[in-house]
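Structure first, commentary second.
The values are calculated or read from the model by the stated rules, or taken from the named source; none is laboratory data. Predicted model only: the values in this text are computed from it and were never measured. Backbone-built Cβ (ideal geometry, glycine too); neighbour counts: all protein chains shown. For the accessible areas, the whole protein counts, side chains as well, though only heavy atoms, and no ligand, DNA or RNA atoms are used. Shrake-Rupley method; radii C 1.70, N 1.55, O 1.52, S 1.80 Å.
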Amino acid sequence: MTSTENQPARSPGPGGAVREVGIAVIGSGFAGLGMAITLKRRGETDFVLLERAGDVGGTWRDNTYPGAACDVQSNLYSFSFAPNPDWGRSYSRQPEIQAYLQRTAERFDVRRHCVFGAEVTSARWDDAAQRWLVASTAGDFRARVLVSAAGALADPAYPDIPGLDSFAGTVMHSARWDAAHELSGERVAVIGTGASAVQVVPAIQPVVASIAVYQRTPPWVVPRTDHPVRPWMRSVYRFVPGFQKLVRATLYSFREFLVIGLAKNQRFLGPAARLARGHLHRQVRDPELRRALTPDYTIGCKRILISNDYFPAVAAPNAELVTAGIAEVRPHSVVTSDGVERPTDTIVLATGFHVTDLPIAARICGRDGRSLAEVWSDGMVSNRGSTVAGFPNLFLLLGPNVGVGHTSMVYMIESQVAYVDDALKTMDAEGLAVLETTCQAQEAWRSLIAEKSTGTVWLGGGCASWYLDEHGHNATLWPDFTFRFRRLTRILDRENYVGVPAGTERPDVAA
Ligand code: N01
């Protein structure tokens with residue numbers, strides 16, 4: 001797709017004229033920026049990033065709760081083409097990651113392709129025009145190609161707890177934090193004990209009057225080997241970039257070993273379980289509390305959490321771990337199923353995101369008018385987590401079965417971006433107006449995922465998790481080594497696609 005346009009992104013012109021673009025990318029988090037930078041680096045400029053918020057950053061812009069940090073080391077959780085020698089800590093906190101994304105967007109000059117305040121409300125494939133018609137809160141676009149980089153951790157999930165709407169105090173989701181709200185001296189309820197909760201609880205416990213942590217399922221928690229990066233080490237990274245690459249490769253390889261236990265043979269998870277049990281033992285003295293914090297499922301079935309201060313925070317004198325289920329919320333309290341009523345000023349919902357029921361899926365409609373959500377009602381299907389039959393010229397970043405819990409999502413994003421970029425180059429090279437994957441390719445991919453998922457800890461580890469869809473299928477995780485995913489997405493599997501040359505009609509494809 002050669003560039004025909006080289007101008008700053010802007011909302012549609014006066015009168016709401018529809019703007020023509022080559023490629024419309026939804027979202028400007030790691031995935032959207034990675035796509036944009038890749039396009040830019042090869043000279044493509046006819047694209048826009050449609051961003052519903054007012055800045056780039058995605059989940060790292062939105063998750064500003066106290067204690068928000070990454071649980072993958074920054075030398076790995078960053079773009080391979082934009083290493084940062086200046087990370088202040090081995091595991092960076094949210095402000096530093098967000099600043100990195102902002103800086104990277106500036107450095108590669110992709111900000112001028114961003115249309116901020118552009119929430120995509122619908123995207124419809126027009127088969128006659130061979131274009132995506134994209135409606136957004138900042139105007140309408142006609143795009144030859146649509147890339148959804150909306151992400152899986154974009155839309156907070158709010159729990160369906162009776163009476164929650166009637167609560168008279170403040171209710172905040174961890175991903176929609178209200179920094180202006182003063183928590184000091186308050187009685188706070190935190191609902192959920194996932195990756196967000198184990199970060200927010202220790203960050204607020206010292207300032208609140210009391211904190212009740214409502215736990216449905218205890219997480220496995222291992223120590224966090226976080227440390228500041230010394231100035232001399234930053235100098236080494238700056239002047240010997242090869243060394244930082246080596247550190248990155250070492251971190252990557254070390255984390256990949258976990259896949260052996262998670263996806264191949266759960267016996268190899270033994271050392272991780274012992275590490276987590278020892279951590280709990282050292283940090284929590286009270287046997288009853290320890291018991292309540294001990295998971296009864298195999299480690300890795302849910303995301304393994306890393307924290308040095310979660311257990312001490314829960315064991316603090318002003319904290320209480322509540323294991324009874326929440327029966328209802330009243331205007332000034334939370335009531336559990338055992339009848340205990342705890343007066344509460346603020347409720348923090350650390351209850352996660354819509355992952356297997358992505359809201360964006362309901363807004364993207366394919367060739368037959370059905371939305372992705374409708375097509376996926378029996379389970380999310382795709383070819384390589386990137387394309388879906390019936391949705392021509394649509395590419396998904398962070399689509400089905402691309403998630404990972406053990407390593408950096410940025411690695412997966414870069415793998416997918418390379419795949420999408422190769423697809424776009426193939427379209428240009430072959431003069432294709434339309435590229436669409438086949439149902440057969442999708443079925444083959446579904447079988448591959450099912451086969452690889454068999455015997456993994458995510459299916460057999462004895463827990464319920466958002467990794468699985470309502471049918472109990474692995475809908476979100478890549479169930480193998482990530483280098484295998486990279487190999488499968490290195491170039492476009494052209495044989496799995498139907499291409500329609502410009503100026504011709506699409507041939508019928510057997511379902
Ligand atoms: O959300 P979660 P999260 N009543 O879905 C509980 C990423 N992340 O925001 O386990 C009571 O993991 C639920 O209980 P249960 C990372 O990918 C990354 O913490 O279902 N409880 C669980 O404890 C992560 O995986 C970083 O029984 C309810 C919790 O809420 C993803 O974000 C940092 C409930 C939800 O946990 C999501 O993590 C933070 C209800 N009705 C997050 N509904 C990094 O460092 C839900 N729960 C990269």
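Only residues that are part of a helix (DSSP H, G or I) and among the hydroxyl-bearing types (Ser, Thr, Tyr) were counted in the range 463-501, giving 1.
To keep it simple, each residue is scored yes or no on (1) small (Gly, Ala, Ser); (2) closer than 26 Å to residue 462 by Cβ; (3) open to solvent by less than 40 Å² (accessible area, probe 1.4 Å).
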site: 185; (1), (2), (3): yes, no, no
site: 190; (1), (2), (3): no, yes, yes
site: 201; (1), (2), (3): no, yes, yes
site: 213; (1), (2), (3): no, yes, yes
site: 234; (1), (2), (3): no, no, no
site: 244; (1), (2), (3): no, no, yes
site: 264; (1), (2), (3): no, yes, no
site: 281; (1), (2), (3): no, yes, no
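Looking only at residues that are touching a residue at least 60 places away in the same chain (Cβ under 8 Å), assigned to a loop (DSSP other than H, G, I, E, B) and not aliphatic (A, V, I, L, M) in the range 382-398, which one is farthest from the ligand (Cβ to nearest atom)? Looking at residues that are touching a residue at least 60 places away in the same chain (Cβ under 8 Å), assigned to a loop (DSSP other than H, G, I, E, B) and not aliphatic (A, V, I, L, M), I get 392. Could you tell me which residue of the range 59-84 is farthest from residue 255 (Cα to Cα), considering only residues that are within 14 Å of the ligand (Cβ to nearest atom) and of a type in the set (Gly, Ala, Ser)? For the range 59-84, the residue satisfying everything is 67.
When residue 367 is tested against (1) in a loop (DSSP other than H, G, I, E, B); (2) not assigned by TED's automatic domain parsing to the domain that holds residue 125, only condition (2) is not met.
Cβ separations smaller than 7 Å between residues 6+ apart or across chains give the following pairs from the range 82-105 residues that are closer than 11 Å to residue 69 by Cβ to residues that are assigned to a helix (DSSP H, G or I): 94/60; 97/60. Looking at the range 407-414, can you tell me whether even one residue there is within 16 Å of the ligand (Cβ to nearest atom), in a loop (DSSP other than H, G, I, E, B), open to solvent by less than 10 Å² (accessible area, probe 1.4 Å) and hydrophobic (A, V, I, L, M, F, W, C)? The answer is no, given that none of the residues of the range 407-414 is within 16 Å of the ligand (Cβ to nearest atom), in a loop (DSSP other than H, G, I, E, B), open to solvent by less than 10 Å² (accessible area, probe 1.4 Å) and hydrophobic (A, V, I, L, M, F, W, C).
Counting the residues of the range 34-56 that are touching a Gly at 6+ places or on another chain (Cβ under 8 Å) and buried (at least 24 other Cβ atoms within 10 Å of the Cβ) gives 5.
Checked against the criterion of being farther than 20 Å from residue 192 by Cβ, at pLDDT 95 or above and not basic (Lys, Arg), the candidates 269, 289, 280 yield just one match: 269.
Does at least one position in the range 344-362 carry a residue that is in contact (Cβ under 8 Å) with a residue 40 or more places away in the chain, under 30 Å from residue 442 (Cβ atoms) and touching a helix residue (DSSP H, G or I) at 6+ places or on another chain (Cβ under 6 Å)? So far as the range 344-362 goes, no, none of its residues is in contact (Cβ under 8 Å) with a residue 40 or more places away in the chain, under 30 Å from residue 442 (Cβ atoms) and touching a helix residue (DSSP H, G or I) at 6+ places or on another chain (Cβ under 6 Å). With respect to the conditions (1) within 30 Å of residue 320 (Cα to Cα); (2) touching a His at 6+ places or on another chain (Cβ under 8 Å), residue 258 lacks only one, and its number is (1).
When residues in the range 415-449 are screened for being crowded, with 19+ Cβ neighbours inside 10 Å and closer than 18 Å to residue 482 by Cβ, 7 of them pass.
Comparison of 489, 456 shows that the only residue that is surrounded by 14 or more Cβ atoms within 10 Å (Cβ to Cβ), away from the ligand (no atom under 16 Å from the Cβ), touching a residue at least 40 places away in the same chain (Cβ under 8 Å) and over 30 Å from residue 216 (Cβ atoms) is 489.
I'd like the full set of residues that are among the hydroxyl-bearing types (Ser, Thr, Tyr), closer than 16 Å to residue 34 by Cα and in a loop (DSSP other than H, G, I, E, B), limited to the range 44-73.
If the condition is that a residue be among the hydroxyl-bearing types (Ser, Thr, Tyr), closer than 16 Å to residue 34 by Cα and in a loop (DSSP other than H, G, I, E, B), then 45 is the only one that fits.
With respect to being assigned by TED's automatic domain parsing to the domain that holds residue 26, over 19 Å from residue 367 (Cβ atoms) and within 16 Å of the ligand (Cβ to nearest atom), residue 150 fits the description. Here residue 343 fulfils each of the conditions (1) in contact with a Cys (Cβ under 7 Å, 6 or more places away or on another chain); (2) within 29 Å of residue 181 (Cβ to Cβ) apart from (1). Check the range 4-18 and report whether any residue there is closer than 26 Å to residue 98 by Cβ, modelled with pLDDT of 95 or more and among the polar types (S, T, N, Q). No - not one qualifying residue is present in the range 4-18.
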